[in-house]
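The block underneath contains the structure these notes are about, expressed in structure tokens.
The values are calculated or read from the model by the stated rules, or taken from the named source; none is laboratory data. On a predicted model such as this, the values are computed, not experimentally measured, just so you know. In this analysis, Cβ positions are derived from the backbone assuming ideal geometry, glycine residues included, and neighbour counts consider all displayed protein chains. What goes into the accessible areas is simple: the full protein's heavy atoms, side chains included, and nothing from ligands, DNA or RNA. Shrake-Rupley method; radii C 1.70, N 1.55, O 1.52, S 1.80 Å.
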Amino acid sequence: MGHHWIESYGYIGLMMTLMFPFIPSEVPLAYAGYLVHTAQASLMFMLLLAVVSFVISQNLFFTIGQFGSERLLNRIFKWFRISETKMLQFQTQMETKGRYILLLSPMWRIGFAIGAGLTGISRITFTIVTTISFAFWSAIFIWGGKTVGHEWRKLHHLNHPVFWMGLGVLITVIYLIQKKRKVKKES
């Protein structure tokens with residue numbers, strides 16, 4: 001799925017898949033590791049490309065959070081399914097736990113970046129923390145892709161729509177079970 005697009009468009013394709021998270025970042029990062037394994041790219045180049053891509057996209061979403069109108073933010077929240085409650089929780093955590101919470105930003109990229117823009121932290125602080133967290137994130141998955149090596153091609157069954165539909169159903173079931181448990185606890 002994602003690696004065909006990356007193969008077609010090369011490094012620009014890799015950057016775009018990392019900058020705009022329409023597929024999980026783990027896929028293009030692991031593929032970048034495969035390219036390192038096959039000596040089509042160096043480890044340092046791929047790591048630098050990944051981190052630069054992440055930092056650019058995170059700063060774009062930070063700017064949207066910082067200067068975006070309420071109407072624009074509501075559209076983005078709906079598009080990426082970010083609830084207003086989650087954004088308020090994030091802002092509260094930023095105030096209570098400090099800026100170190102941003103080190104977790106690879107797990108909820110867009111929400112963290114927009115939330116950081118809304119909270120008013122400095123862009124320099126945000127960029128430094130984002131660079132550190134995404135450097136670790138990228139290194140883990142690029143190294144994993146490098147380790148998998150030629151076995152990467154054997155993972156082609158993950159590109160099948162049935163796999164993704166099954167994964168979607170599984171995630172939905174887990175979400176509904178957690179939501180039901182949360183409702184029971186509240187009542």
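Of the residues in segment 132-142, at least one is modelled with pLDDT of 75 or more, open to solvent by less than 20 Å² (accessible area, probe 1.4 Å) and hydroxyl-bearing (Ser, Thr, Tyr). Given the structure, is residue 107 at pLDDT below 80, aliphatic (A, V, I, L, M) and surrounded by fewer than 17 Cβ atoms within 10 Å (Cβ to Cβ)? Criteria met by residue 107.
Evaluate segment 123-130: report whether one residue or more is outside any helix (DSSP H, G or I), at pLDDT 75 or above and touching a Lys or Arg at 6+ places or on another chain (Cβ under 7 Å).
Let us first name the residues in segment 123-130 that are outside any helix (DSSP H, G or I), namely none.
No, segment 123-130 contains no residue that is outside any helix (DSSP H, G or I), at pLDDT 75 or above and touching a Lys or Arg at 6+ places or on another chain (Cβ under 7 Å).
Answer yes if at least one residue in segment 61-75 is closer than 15 Å to residue 136 by Cβ and either surrounded by 14 or more Cβ atoms within 10 Å (Cβ to Cβ) or at pLDDT 90 or above (or both), and no otherwise. No: segment 61-75 contains no residue that is closer than 15 Å to residue 136 by Cβ and either surrounded by 14 or more Cβ atoms within 10 Å (Cβ to Cβ) or at pLDDT 90 or above (or both).
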